[in-house]
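Novice: Attaching a single structure in C-alpha coordinates format; questions to follow.
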Amino acid sequence: MAGTDTRGAAERTAREPEKPAEDLAGLGAGLDALDAVPARRTPLRETLVRKVLPPLVAGALVLVVWQVLVRAQVTEAYKLPSPGAVWAEVLDAWHQGTLLGYIWTSVSRGLLGFLFALAIGTPLGLLVARVAFVRAAIGPILSGLQSLPSVAWVPPAVIWLGLDDRMMFAVILLGAVPSIANGLVSGIDQVPPLYLRAGRTLGARGLRGTRHIVMPAALPGYLAGLKQGWAFSWRSLMAAEIIASSPELGVGLGQLLENGRTASSMPVVFLAILLILVVGVAIDLLIFSPLERWVLRDRGLLVRS
(Lines give C-alpha, C1' and ligand atoms only; values in the text may rest on other atoms or scores of the structure.)
Protein backbone atom coordinates (compact mmCIF):
# COMPACT_ATOMS: atom_id res chain seq x y z
CA MET A 1 0.00 0.00 0.00
CA ALA A 2 2.80 2.39 0.88
CA GLY A 3 4.52 1.65 -2.43
CA THR A 4 1.32 2.29 -4.33
CA ASP A 5 0.75 5.62 -2.57
CA THR A 6 4.33 6.64 -3.21
CA ARG A 7 4.06 5.85 -6.92
CA GLY A 8 0.71 7.78 -7.15
CA ALA A 9 2.17 10.84 -5.46
CA ALA A 10 5.19 10.74 -7.73
CA GLU A 11 2.98 10.51 -10.80
CA ARG A 12 0.88 13.50 -9.63
CA THR A 13 4.04 15.49 -8.92
CA ALA A 14 5.34 14.70 -12.40
CA ARG A 15 2.09 15.84 -14.00
CA GLU A 16 1.77 19.12 -12.01
CA PRO A 17 4.41 21.15 -13.94
CA GLU A 18 2.46 20.54 -17.14
CA LYS A 19 -0.64 22.45 -15.91
CA PRO A 20 0.82 25.99 -16.04
CA ALA A 21 2.04 25.36 -19.57
CA GLU A 22 -1.37 24.05 -20.59
CA ASP A 23 -3.08 27.08 -18.96
CA LEU A 24 -0.78 29.52 -20.73
CA ALA A 25 -1.37 27.78 -24.02
CA GLY A 26 -5.13 28.00 -23.51
CA LEU A 27 -4.88 31.67 -22.56
CA GLY A 28 -2.81 32.42 -25.64
CA ALA A 29 -5.28 30.62 -27.85
CA GLY A 30 -8.13 32.62 -26.31
CA LEU A 31 -6.35 35.93 -26.91
CA ASP A 32 -5.60 34.92 -30.48
CA ALA A 33 -9.27 34.12 -30.99
CA LEU A 34 -10.23 37.56 -29.69
CA ASP A 35 -7.75 39.27 -32.03
CA ALA A 36 -8.68 37.19 -35.05
CA VAL A 37 -11.95 38.97 -35.82
CA PRO A 38 -13.22 37.57 -39.12
CA ALA A 39 -13.17 40.23 -41.84
CA ARG A 40 -16.36 40.46 -43.82
CA ARG A 41 -18.08 42.93 -46.04
CA THR A 42 -21.06 44.61 -44.48
CA PRO A 43 -24.22 43.62 -46.39
CA LEU A 44 -25.88 46.42 -48.30
CA ARG A 45 -29.07 46.04 -46.31
CA GLU A 46 -27.22 46.37 -43.00
CA THR A 47 -25.39 49.47 -44.25
CA LEU A 48 -28.67 51.07 -45.31
CA VAL A 49 -30.32 50.29 -41.97
CA ARG A 50 -27.43 51.42 -39.77
CA LYS A 51 -25.99 54.40 -41.64
CA VAL A 52 -28.44 55.68 -44.24
CA LEU A 53 -31.81 55.16 -42.61
CA PRO A 54 -31.21 57.09 -39.32
CA PRO A 55 -30.32 60.45 -40.96
CA LEU A 56 -33.19 60.03 -43.42
CA VAL A 57 -35.61 59.42 -40.56
CA ALA A 58 -34.23 62.44 -38.69
CA GLY A 59 -34.56 64.62 -41.79
CA ALA A 60 -38.11 63.42 -42.39
CA LEU A 61 -38.99 64.17 -38.76
CA VAL A 62 -37.63 67.72 -39.11
CA LEU A 63 -39.71 68.24 -42.26
CA VAL A 64 -42.84 66.94 -40.52
CA VAL A 65 -42.35 69.25 -37.53
CA TRP A 66 -41.60 72.14 -39.91
CA GLN A 67 -44.79 71.51 -41.88
CA VAL A 68 -46.84 71.19 -38.68
CA LEU A 69 -45.56 74.56 -37.48
CA VAL A 70 -46.48 76.13 -40.82
CA ARG A 71 -49.97 74.60 -40.74
CA ALA A 72 -50.44 75.74 -37.13
CA GLN A 73 -49.54 79.29 -38.22
CA VAL A 74 -47.23 79.88 -35.27
CA THR A 75 -46.03 83.00 -37.09
CA GLU A 76 -46.65 84.91 -40.28
CA ALA A 77 -46.14 83.06 -43.56
CA TYR A 78 -43.45 85.46 -44.77
CA LYS A 79 -41.38 84.70 -41.66
CA LEU A 80 -41.64 80.89 -41.81
CA PRO A 81 -41.98 79.54 -45.36
CA SER A 82 -43.21 76.03 -45.96
CA PRO A 83 -40.89 73.21 -47.08
CA GLY A 84 -42.68 73.31 -50.43
CA ALA A 85 -41.78 76.98 -50.92
CA VAL A 86 -38.12 76.28 -50.18
CA TRP A 87 -38.16 73.29 -52.54
CA ALA A 88 -39.61 75.54 -55.24
CA GLU A 89 -36.59 77.82 -54.80
CA VAL A 90 -34.29 74.81 -55.18
CA LEU A 91 -35.98 73.81 -58.42
CA ASP A 92 -35.92 77.39 -59.69
CA ALA A 93 -32.17 77.74 -59.02
CA TRP A 94 -31.57 74.36 -60.67
CA HIS A 95 -33.52 75.26 -63.79
CA GLN A 96 -31.67 78.58 -64.02
CA GLY A 97 -28.35 76.74 -63.74
CA THR A 98 -27.21 78.74 -60.72
CA LEU A 99 -27.59 76.16 -57.92
CA LEU A 100 -24.30 74.34 -58.50
CA GLY A 101 -22.58 77.67 -59.10
CA TYR A 102 -23.57 78.89 -55.63
CA ILE A 103 -22.20 75.71 -54.08
CA TRP A 104 -18.99 75.53 -56.11
CA THR A 105 -18.08 79.19 -55.50
CA SER A 106 -18.07 78.66 -51.75
CA VAL A 107 -16.74 75.09 -51.66
CA SER A 108 -13.76 75.86 -53.93
CA ARG A 109 -12.81 78.87 -51.81
CA GLY A 110 -13.28 76.95 -48.57
CA LEU A 111 -11.21 73.92 -49.60
CA LEU A 112 -8.41 75.98 -51.14
CA GLY A 113 -8.25 78.25 -48.11
CA PHE A 114 -8.23 75.21 -45.82
CA LEU A 115 -5.30 73.72 -47.73
CA PHE A 116 -3.39 76.99 -47.28
CA ALA A 117 -4.24 76.93 -43.57
CA LEU A 118 -3.07 73.31 -43.36
CA ALA A 119 0.27 74.20 -44.95
CA ILE A 120 0.79 77.03 -42.44
CA GLY A 121 -0.79 75.57 -39.29
CA THR A 122 1.05 72.21 -39.36
CA PRO A 123 4.65 73.52 -39.20
CA LEU A 124 3.52 76.24 -36.81
CA GLY A 125 2.01 73.64 -34.48
CA LEU A 126 5.19 71.53 -34.63
CA LEU A 127 7.29 74.58 -33.81
CA VAL A 128 5.11 75.58 -30.86
CA ALA A 129 5.00 72.04 -29.50
CA ARG A 130 8.72 71.30 -29.79
CA VAL A 131 10.35 74.64 -28.89
CA ALA A 132 9.68 75.87 -25.36
CA PHE A 133 10.49 79.52 -26.08
CA VAL A 134 8.14 79.61 -29.08
CA ARG A 135 5.38 78.00 -27.03
CA ALA A 136 5.75 80.58 -24.28
CA ALA A 137 5.70 83.40 -26.83
CA ILE A 138 3.08 82.25 -29.35
CA GLY A 139 0.98 79.66 -27.51
CA PRO A 140 -1.27 82.15 -25.67
CA ILE A 141 -1.68 84.19 -28.87
CA LEU A 142 -2.88 81.12 -30.78
CA SER A 143 -5.41 80.34 -28.05
CA GLY A 144 -6.64 83.93 -28.13
CA LEU A 145 -6.94 83.93 -31.91
CA GLN A 146 -8.90 80.68 -31.79
CA SER A 147 -11.48 82.23 -29.46
CA LEU A 148 -11.76 85.42 -31.53
CA PRO A 149 -14.91 85.47 -33.73
CA SER A 150 -13.91 85.11 -37.36
CA VAL A 151 -16.33 87.85 -38.43
CA ALA A 152 -14.06 90.35 -36.64
CA TRP A 153 -11.39 89.84 -39.33
CA VAL A 154 -13.64 90.76 -42.25
CA PRO A 155 -13.54 94.61 -41.95
CA PRO A 156 -9.73 94.87 -41.63
CA ALA A 157 -9.24 92.28 -44.38
CA VAL A 158 -11.46 94.33 -46.72
CA ILE A 159 -9.50 97.50 -45.92
CA TRP A 160 -6.11 95.81 -46.30
CA LEU A 161 -6.74 93.61 -49.34
CA GLY A 162 -9.87 94.95 -51.02
CA LEU A 163 -12.92 93.06 -52.28
CA ASP A 164 -11.35 90.04 -53.95
CA ASP A 165 -10.47 86.44 -53.24
CA ARG A 166 -7.33 87.45 -51.33
CA MET A 167 -9.55 88.93 -48.65
CA MET A 168 -11.57 85.70 -48.47
CA PHE A 169 -8.46 83.55 -48.10
CA ALA A 170 -7.01 85.88 -45.45
CA VAL A 171 -10.16 85.55 -43.33
CA ILE A 172 -10.10 81.75 -43.75
CA LEU A 173 -6.44 81.56 -42.71
CA LEU A 174 -6.95 83.72 -39.64
CA GLY A 175 -9.87 81.52 -38.59
CA ALA A 176 -8.41 78.08 -39.34
CA VAL A 177 -4.66 78.25 -38.67
CA PRO A 178 -4.94 78.63 -34.86
CA SER A 179 -7.27 75.62 -34.61
CA ILE A 180 -5.02 73.40 -36.72
CA ALA A 181 -1.90 74.45 -34.82
CA ASN A 182 -3.50 74.03 -31.39
CA GLY A 183 -4.88 70.63 -32.38
CA LEU A 184 -1.42 69.43 -33.36
CA VAL A 185 0.10 70.85 -30.17
CA SER A 186 -2.52 69.03 -28.10
CA GLY A 187 -1.84 65.79 -29.96
CA ILE A 188 1.93 66.06 -29.47
CA ASP A 189 1.49 66.82 -25.76
CA GLN A 190 -0.36 63.51 -25.39
CA VAL A 191 2.40 61.42 -26.97
CA PRO A 192 3.84 59.09 -24.28
CA PRO A 193 7.46 60.04 -23.45
CA LEU A 194 8.39 56.38 -23.81
CA TYR A 195 7.76 56.62 -27.55
CA LEU A 196 10.13 59.56 -27.85
CA ARG A 197 12.86 57.82 -25.83
CA ALA A 198 12.48 54.64 -27.86
CA GLY A 199 12.71 56.66 -31.08
CA ARG A 200 15.88 58.42 -29.95
CA THR A 201 17.38 55.07 -28.97
CA LEU A 202 16.70 53.79 -32.49
CA GLY A 203 18.21 56.89 -34.06
CA ALA A 204 14.98 58.74 -34.87
CA ARG A 205 15.98 62.30 -34.03
CA GLY A 206 15.14 65.67 -35.47
CA LEU A 207 13.01 65.60 -38.59
CA ARG A 208 13.20 61.81 -38.75
CA GLY A 209 11.79 61.50 -35.24
CA THR A 210 9.07 64.02 -36.06
CA ARG A 211 8.08 62.11 -39.18
CA HIS A 212 8.21 58.56 -37.84
CA ILE A 213 7.41 59.00 -34.11
CA VAL A 214 5.78 62.31 -33.24
CA MET A 215 3.35 62.80 -36.11
CA PRO A 216 1.95 59.24 -36.19
CA ALA A 217 1.51 59.22 -32.40
CA ALA A 218 -0.14 62.68 -32.42
CA LEU A 219 -2.45 61.84 -35.33
CA PRO A 220 -5.73 61.59 -33.32
CA GLY A 221 -5.30 65.05 -31.80
CA TYR A 222 -4.08 66.43 -35.10
CA LEU A 223 -7.15 65.07 -36.89
CA ALA A 224 -9.42 66.67 -34.28
CA GLY A 225 -7.64 69.96 -34.94
CA LEU A 226 -8.19 69.53 -38.68
CA LYS A 227 -11.92 69.01 -38.19
CA GLN A 228 -12.15 72.08 -36.00
CA GLY A 229 -10.00 74.01 -38.46
CA TRP A 230 -12.36 73.15 -41.32
CA ALA A 231 -15.35 74.24 -39.23
CA PHE A 232 -13.65 77.57 -38.49
CA SER A 233 -12.62 78.08 -42.11
CA TRP A 234 -16.15 77.35 -43.36
CA ARG A 235 -17.72 79.72 -40.84
CA SER A 236 -15.11 82.38 -41.60
CA LEU A 237 -15.85 82.12 -45.30
CA MET A 238 -19.61 82.42 -44.74
CA ALA A 239 -19.07 85.52 -42.60
CA ALA A 240 -16.85 87.07 -45.28
CA GLU A 241 -19.33 86.32 -48.05
CA ILE A 242 -22.23 87.78 -46.05
CA ILE A 243 -20.45 91.03 -45.22
CA ALA A 244 -18.39 91.63 -48.36
CA SER A 245 -20.19 91.71 -51.71
CA SER A 246 -18.75 92.54 -55.10
CA PRO A 247 -19.38 91.42 -58.71
CA GLU A 248 -15.78 90.19 -58.81
CA LEU A 249 -16.46 87.81 -55.92
CA GLY A 250 -19.42 86.09 -57.54
CA VAL A 251 -22.35 84.71 -55.58
CA GLY A 252 -21.52 82.07 -52.99
CA LEU A 253 -23.75 80.61 -50.32
CA GLY A 254 -23.07 83.43 -47.89
CA GLN A 255 -23.88 86.03 -50.52
CA LEU A 256 -27.04 84.09 -51.43
CA LEU A 257 -28.09 84.27 -47.78
CA GLU A 258 -27.50 88.02 -47.73
CA ASN A 259 -29.39 88.47 -51.00
CA GLY A 260 -32.38 86.68 -49.49
CA ARG A 261 -32.29 88.91 -46.42
CA THR A 262 -32.04 92.05 -48.55
CA ALA A 263 -35.01 90.96 -50.67
CA SER A 264 -36.96 89.82 -47.57
CA SER A 265 -37.33 86.41 -49.22
CA MET A 266 -37.35 83.79 -46.49
CA PRO A 267 -37.46 80.86 -48.95
CA VAL A 268 -34.12 82.05 -50.36
CA VAL A 269 -32.75 82.51 -46.83
CA PHE A 270 -33.79 78.97 -45.87
CA LEU A 271 -32.37 77.65 -49.14
CA ALA A 272 -28.97 79.20 -48.37
CA ILE A 273 -29.02 77.87 -44.79
CA LEU A 274 -29.86 74.35 -45.96
CA LEU A 275 -27.13 74.39 -48.62
CA ILE A 276 -24.55 75.59 -46.07
CA LEU A 277 -25.61 72.77 -43.75
CA VAL A 278 -25.56 70.15 -46.52
CA VAL A 279 -22.04 71.14 -47.61
CA GLY A 280 -20.76 70.97 -44.04
CA VAL A 281 -22.25 67.52 -43.50
CA ALA A 282 -21.00 66.27 -46.89
CA ILE A 283 -17.40 67.37 -46.20
CA ASP A 284 -17.47 65.61 -42.85
CA LEU A 285 -18.89 62.38 -44.31
CA LEU A 286 -16.64 62.31 -47.38
CA ILE A 287 -13.33 63.45 -45.86
CA PHE A 288 -13.09 63.52 -42.09
CA SER A 289 -15.21 60.49 -41.14
CA PRO A 290 -13.17 58.13 -43.38
CA LEU A 291 -9.97 59.57 -41.94
CA GLU A 292 -11.23 58.97 -38.39
CA ARG A 293 -12.20 55.39 -39.20
CA TRP A 294 -8.79 54.78 -40.76
CA VAL A 295 -6.99 56.13 -37.68
CA LEU A 296 -9.14 54.08 -35.29
CA ARG A 297 -8.77 50.94 -37.40
CA ASP A 298 -5.01 51.43 -37.64
CA ARG A 299 -4.84 51.53 -33.84
CA GLY A 300 -7.04 48.48 -33.38
CA LEU A 301 -9.92 50.51 -31.95
CA LEU A 302 -12.32 49.79 -34.79
CA VAL A 303 -13.25 46.34 -36.03
CA ARG A 304 -12.65 46.00 -39.74
CA SER A 305 -15.93 45.31 -41.52
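Novice: On the given criteria, is VAL185 farther than 26 Å from SER108 by Cα, surrounded by 21 or more Cβ atoms within 10 Å (Cβ to Cβ) and touching a Phe, Trp or Tyr at 6+ places or on another chain (Cβ under 9 Å)?
Specialist: Here the answer is no, as VAL185 does not meet what is asked.
Novice: Among VAL279, VAL295, which is the only one that is touching a helix residue (DSSP H, G or I) at 6+ places or on another chain (Cβ under 7 Å), at pLDDT 85 or above and part of a helix (DSSP H, G or I)?
Specialist: The match here is VAL279.
Novice: Additional query: Which one of these does TRP160 not meet: (1) within 30 Å of LEU275 (Cβ to Cβ); (2) in contact (Cβ under 8 Å) with a residue 24 or more places away in the chain?
Specialist: Result: TRP160 passes all but (2).
Novice: Would you say SER179 is within 20 Å of ALA217 (Cα to Cα) and within 22 Å of the chain's Cα centre (by Cα)? Outline the logic, then answer.
Specialist: On the way: within 20 Å of ALA217 (Cα to Cα): yes; within 22 Å of the chain's Cα centre (by Cα): yes.
When the stated conditions are applied, SER179 passes them.
Novice: Just to be sure, is THR105 buried (at least 18 other Cβ atoms within 10 Å of the Cβ), under 27 Å from SER264 (Cβ atoms) and hydroxyl-bearing (Ser, Thr, Tyr)?
Specialist: Yes, satisfied.
Novice: While we're on this one: Which of the residues spanning segment 218-271 are within 20 Å of GLY101 (Cα to Cα), of a type outside the set (A, V, I, L, M) and within 22 Å of the chain's Cα centre (by Cα)?
Specialist: Selection gives SER233, TRP234, ARG235, SER236, GLY254.
Novice: Any residue at all in segment 263-278 that is surrounded by 13 or more Cβ atoms within 10 Å (Cβ to Cβ), of a type in the set (Ser, Thr, Tyr) and more than 23 Å from ALA77 (Cβ to Cβ)?
Specialist: Within segment 263-278, not a single residue is surrounded by 13 or more Cβ atoms within 10 Å (Cβ to Cβ), of a type in the set (Ser, Thr, Tyr) and more than 23 Å from ALA77 (Cβ to Cβ).
Novice: Could you grab me the full set of residues in segment 90-145 that are of a type outside the set (A, V, I, L, M, F, W, C) and touching a helix residue (DSSP H, G or I) at 6+ places or on another chain (Cβ under 7 Å)?
Specialist: Across segment 90-145, the qualifying residues are TYR102, SER106, ARG109, GLY110, GLY113, GLY121, THR122, GLY125, ARG135, GLY139, SER143.
Novice: Still on this structure: Among the numbered criteria (1) charged (D, E, K, R); (2) assigned to a helix (DSSP H, G or I); (3) touching a residue at least 60 places away in the same chain (Cβ under 8 Å), which one does ASP92 miss?
Specialist: (3)
Novice: Among the candidates LEU80, LEU111, LEU118, which residue alone is over 17 Å from GLY183 (Cα atoms) and modelled with pLDDT of 90 or more?
Specialist: The conditions single out LEU111.
Novice: Whether any residue in segment 198-212 is closer than 19 Å to ILE120 by Cβ, aliphatic (A, V, I, L, M) and without any contact (Cβ under 8 Å) to a residue 40 or more places away in the chain is what I want to check.
Specialist: Checked segment 198-212: at least one residue is closer than 19 Å to ILE120 by Cβ, aliphatic (A, V, I, L, M) and without any contact (Cβ under 8 Å) to a residue 40 or more places away in the chain.
Novice: May I ask you to list the residues in segment 48-87 that are in contact with a helix residue (DSSP H, G or I) (Cβ under 7 Å, 6 or more places away or on another chain) and either on the phi > 0 side of the Ramachandran plot or part of a helix (DSSP H, G or I) (or both)? Before you say what the answer is, go through the steps one by one.
Specialist: Restricting attention to segment 48-87, the residues satisfying the condition of being in contact with a helix residue (DSSP H, G or I) (Cβ under 7 Å, 6 or more places away or on another chain) are 63, 66-67, 78-83, 85-86.
Hits for segment 48-87 are LEU63, TRP66, GLN67, PRO83, ALA85, VAL86.
Novice: Is it true that TRP234 is out of contact with any Cys (no Cβ under 8 Å at 6 or more places or on another chain), under 23 Å from ARG293 (Cα atoms) and of a type in the set (Phe, Trp, Tyr)?
Specialist: yes
Novice: Now, a different point. From (1) free of Cβ contacts under 8 Å to residues at least 60 places away in the same chain; (2) under 21 Å from LEU274 (Cβ atoms), pick out the condition that doesn't hold for TYR78.
Specialist: In the conditions (1) free of Cβ contacts under 8 Å to residues at least 60 places away in the same chain; (2) under 21 Å from LEU274 (Cβ atoms), TYR78 misses (1) alone.
The values are calculated or read from the model by the stated rules, or taken from the named source; none is laboratory data. Quantities reported herein were computed from a predicted structural model and do not represent experimental measurements. All Cβ positions, glycine included, derive from the backbone under ideal geometry; neighbour counts span all protein chains shown.
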